[in-house]
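Data block below; observations after.
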Amino acid sequence: MSESAHHLTPSDQDLAASLGAFTSRLAVHRHVRLRYVIGGEGPLLVLLPSWPETWWTFRKVMPALAAARRTVLAVDLPGMGASDPLRGGYDRKAMAARIRDLVVGLGYRKADVAGHGIGAQVAFSLAANSGDLVDRVVLMESAHPDEELYTLPLVPRREVDLHPWWVALHWVPDLAETVLRGPMRPFVDLVLDAELVDPTNVADLDREVYAAALQSPGAVSAAAGWFRSLATDIRDLEGYDQIPHPTLGLASWAGDGTVSRRLKSALARQTRDGSVVTIPDSGHFFPEERPRLVVAEMLNFLE
Amino acid sequence: MTTTMERPTAPSDEERAASLGDGFESAFETVDGVRLHYVSGGSGPLLLLLPGWPQTWWEFRRIMPALAGSRRVVALDLPGMGASDKPEGGYDKKSMARVVAGFIEQLGYERADVAGHDVGSQVAFALAATHPERVERVALLDILHPDESNYEFRMLPHKDMPLFPWWFAFNQVQGLPERLIEGRAHHLIDWVFDTFLPDPEAVSPLDRAVYADAYDSPDAIRGGNGWYQAFPQDIEDLADYDRLTMPVLGMVSGLADGMFAAHMQQTLPQQAADARVVVIPEAGHYFVEEAPDEVIEEFRRFFA
């Protein structure tokens with residue numbers, strides 16, 4: 001969190017320490033500072049979060065992954081939480097380059113990379129653009145943005161259909177910056193509660209963490225940047241070959257199975273060695289709703 | 001967003017109705033348990049005006065006095081709009097049309113000429129389709145009844161899409177817009193008019209304050225969004241409607257590089273046996289306020 005975060009919100013140091021042997025650190029490369037939380041020993045596993053959350057979305061899986069003899073590193077994406085914004089746009093390629101700087105800067109030559117939502121898109125881009133650095137890839141809820149994004153209607157036909165209205169809101173220049181102001185807790189609550197099977201899976205404190213991150217200066221503008229870059233990302237994908245890395249897709253049953261179906265078809269197009277597992281009884285935020293199952297699937301895949 | 005001038009305070013509906021002269025006044029009528037606000041002036045056959053989002057009866061201020069010469073002109077706040085009630089449901093256009101049909105009857109009229117703009121045009125069409133005995137002639141301004149083409153608007157727009165109505169998506173969400181927009185509707189109103197008016201002065205700071213007030217409360221935001229949340233139902237209902245047989249006038253702006261004009265020219269003749277489409281290419285979506293003289297002239301000819 002930034003210094004301006006809610007006074008009741010614990011610092012990233014405190015949050016990291018609450019997970020056991022984890023510490024919160026900052027790394028600066030090419031004038032951009034990234035906040036990451038690291039713990040455990042062994043091969044590196046990088047975790048990349050998504051909107052409207054932070055690295056804290058992985059709090060329930062990090063200790064168990066570290067216990068399986070891995071170095072676990074969860075990082076706030078550029079513009080998220082205490083990580084710096086980017087000046088030249090937030091296309092996945094640019095964000096992946098920053099993650100590469102961090103990993104290489106820490107002295108690693110290989111990493112497994114797992115991401116959720118936008119984090120998954122960055123994970124794919126890292127594999128596509130820095131293939132030698134990446135060992136295995138876990139894509140939760142999303143592959144890389146592709147043409148299929150252009151098929152989703154603004155108005156859903158049926159109530160169960162996917163309706164990521166925030167894409168539209170953030171896409172319009174200046175609009176999100178105007179509308180999403182002031183305390184963000186009600187906003188975070190409404191977004192999470194619409195997605196969670198059981199709202200208690202994300203507790204009061206967790207929601208305060210996400211709200212504090214989203215109401216820090218520039219946070220909404222940065223988040224808008226992640227969505228405004230989608231057209232660039234879709235074009236970038238045309239220049240990529242299928243990634244050769246073993247890839248595990250994890251999908252919720254959101255949208256009456258739409259997310260799962262789309263992830264399967266996207267992995268068939270975008271990867272050479274990918275398969276998808278559906279996480280039952282959970283919405284979009286399954287690292288927080290079904291952490292034990294997520295850990296089991298990830299370790300089964302990574303080992 | 002870009003408007004930095006101080007925001008004026010909007011006068012009440014009563015004061016603004018009186019400001020039109022010719023005995024215009026603000027009144028209420030309760031239909032099917034829904035209390036409806038309207039502004040009425042003149043006497044003679046009824047011309048009923050139905051406004052759209054994010055506006056109120058006030059969008060017709062520049063044409064009401066001129067049309068009231070030989071007829072009674074009534075501009076109605078739709079269910080969910082302005083000083084009218086905001087019921088929990090009933091925002092599909094067919095249900096709204098039923099309320100409007102009852103309103104016409106309650107004013108003591110068998111039939112009315114009806115003109116609607118934006119969402120008001122969708123209600124006017126549904127009224128003509130479901131209560132043809134109440135509608136003499138109908139004018140549809142800029143927007144047609146929701147149809148399958150609504151689904152062509154995508155969450156992520158292709159760069160060649162000339163219009164991105166992001167609010168179609170946002171207004172579907174229940175509970176959240178009420179919390180985000182409450183007390184801050186002026187941001188939304190300014191965005192809408194700064195974006196869509198070729199001449200931003202056509203809707204003044206005072207007019208904007210009127211609209212912002214009307215969409216500033218959680219109930220008002222919920223009501224207005226109800227019109228959008230009913231689109232899938234409206235699209236299903238459209239399949240059951242017969243072709244209209246009364247005279248129909250379509251007036252359409254240059255909105256979205258003529259995309260709406262092309263859609264109306266292609267679609268309206270299929271939906272109505274006796275339809276004429278007038279394009280006002282240089283005007284934007286709010287042409288009732290931007291080009292009131294052209295609207296008055298067309299209405300005088302059509303509703304003669």
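Residues in segment B:172-180: is at least one within 10 Å of chain A (Cβ to nearest Cβ), modelled with pLDDT of 90 or more, crowded, with 17+ Cβ neighbours inside 10 Å and under 24 Å from B:E289 (Cβ atoms)?
no
Only residues in segment B:124-151 that are within 14 Å of chain A (Cβ to nearest Cβ) and among the aromatic types (F, W, Y) count as the first member; pair them with residues that are part of a strand (DSSP E or B) and surrounded by fewer than 23 Cβ atoms within 10 Å (Cβ to Cβ), Cβ under 8 angstrom, at least 6 apart or cross-chain, and list the lot.
Sorted first by the residue in segment B:124-151, then by its partner, the pairs are B:Y151/A:P153.
Condition (residue is in a helix (DSSP H, G or I) and farther than 23 Å from A:E303 by Cα) applied to segment A:238-251: is it met by at least one residue?
Yes.
Given A:D233, A:D241, A:D273, which one is over 30 Å from A:E177 (Cα atoms) and out of contact with any Ser or Thr (no Cβ under 7 Å at 6 or more places or on another chain)?
Of the residues listed, the single one that is over 30 Å from A:E177 (Cα atoms) and out of contact with any Ser or Thr (no Cβ under 7 Å at 6 or more places or on another chain) is A:D241.
Results for (1) out of contact with any Lys or Arg (no Cβ under 7 Å at 6 or more places or on another chain); (2) within 25 Å of B:S253 (Cα to Cα), shown as yes or no for each residue.
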site	(1), (2)
B:G69	yes, no
B:D85	no, no
B:L107	yes, no
B:E110	yes, no
B:H131	yes, no
B:V138	yes, yes
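Identify, from the list A:P199, A:P246, the residue that is modelled with pLDDT of 95 or more, in contact with an Asp or Glu (Cβ under 9 Å, 6 or more places away or on another chain) and over 21 Å from A:A266 (Cα atoms).
Matching residue, one of A:P199, A:P246: A:P199.
For residues that are surrounded by 21 or more Cβ atoms within 10 Å (Cβ to Cβ) and part of a loop (DSSP other than H, G, I, E, B), scanning just segment B:190-215, find the one that is farthest from the other protein chains (Cβ to nearest Cβ).
This residue is B:V203.
Out of everything in segment B:40-87 that is closer than 16 Å to B:Y109 by Cα and β-branched (V, I, T), what residue ends up being nearest to the chain's Cα centre (by Cα)?
Within segment B:40-87, the match that is nearest to the chain's Cα centre (by Cα) is B:V74.
For segment A:246-258, which positions are touching a residue at least 60 places away in the same chain (Cβ under 8 Å) and on the phi < 0 side of the Ramachandran plot?
Once the filter is applied, which keeps residues that are touching a residue at least 60 places away in the same chain (Cβ under 8 Å) and on the phi < 0 side of the Ramachandran plot, segment A:246-258 yields A:P246, A:T247, A:L248, A:G249, A:L250, A:A251, A:S252, A:A254, A:T258.
Looking only at helices (runs of 4 or more DSSP H) that fall completely inside segment A:168-215, which ones have 1 or more residues that are at the interface with chain B (Cβ under 10 Å from one of its Cβ atoms)?
Fully inside segment A:168-215 and qualifying: A:175-179, A:185-195.
Considering A:R269, A:R261, which residue is touching a residue at least 40 places away in the same chain (Cβ under 8 Å) and of a type in the set (K, R)?
Matching residue, one of A:R269, A:R261: A:R269.
Name the residue, out of B:R35, B:R72, that is crowded, with 19+ Cβ neighbours inside 10 Å, at pLDDT 95 or above and basic (K, R).
Going through B:R35, B:R72 in turn, just one is crowded, with 19+ Cβ neighbours inside 10 Å, at pLDDT 95 or above and basic (K, R): B:R72.
Any idea which of A:R235, A:R158 is assigned to a loop (DSSP other than H, G, I, E, B), surrounded by fewer than 16 Cβ atoms within 10 Å (Cβ to Cβ), among the basic types (K, R) and within 14 Å of chain B (Cβ to nearest Cβ)?
From the options A:R235, A:R158, the qualifying one is A:R158.
Just to be sure I understand, how many residues within segment A:272-284 are in contact (Cβ under 8 Å) with a residue 40 or more places away in the chain, crowded, with 20+ Cβ neighbours inside 10 Å and out of contact with any Gly (no Cβ under 9 Å at 6 or more places or on another chain)?
2
Limited to segment B:112-171, what total is found for residues that are in contact with a Gly (Cβ under 7 Å, 6 or more places away or on another chain), in a strand (DSSP E or B) and either within 23 Å of B:W191 (Cβ to Cβ) or basic (K, R) (or both)?
2
If you check every pair at least six apart or on different chains, which have Cβ atoms under 8 Å apart with a residue in segment B:181-192 that is touching a residue at least 24 places away in the same chain (Cβ under 8 Å) first and a residue that is among the aromatic types (F, W, Y) and not in a loop (DSSP other than H, G, I, E, B) second?
From segment B:181-192, the pairs are B:A185/B:Y211; B:I189/B:Y211.
Kindly list the number of the only condition in (1) within 14 Å of chain A (Cβ to nearest Cβ); (2) surrounded by fewer than 19 Cβ atoms within 10 Å (Cβ to Cβ); (3) of a type outside the set (F, W, Y) that fails for B:A230.
(2)
On the phi < 0 side of the Ramachandran plot, in contact with a Lys or Arg (Cβ under 6 Å, 6 or more places away or on another chain) and of a type outside the set (K, R): is that true of B:E178 in this structure?
yes
Could you tell me whether B:G44 is crowded, with 20+ Cβ neighbours inside 10 Å, modelled with pLDDT of 95 or more and in a loop (DSSP other than H, G, I, E, B)?
no
The values are calculated or read from the model by the stated rules, or taken from the named source; none is laboratory data. Small disclaimer: the values here were computed from a predicted structure and weren't measured. Note that each Cβ is placed from the backbone with ideal geometry, even for glycine, and that neighbours are counted across all protein chains shown.
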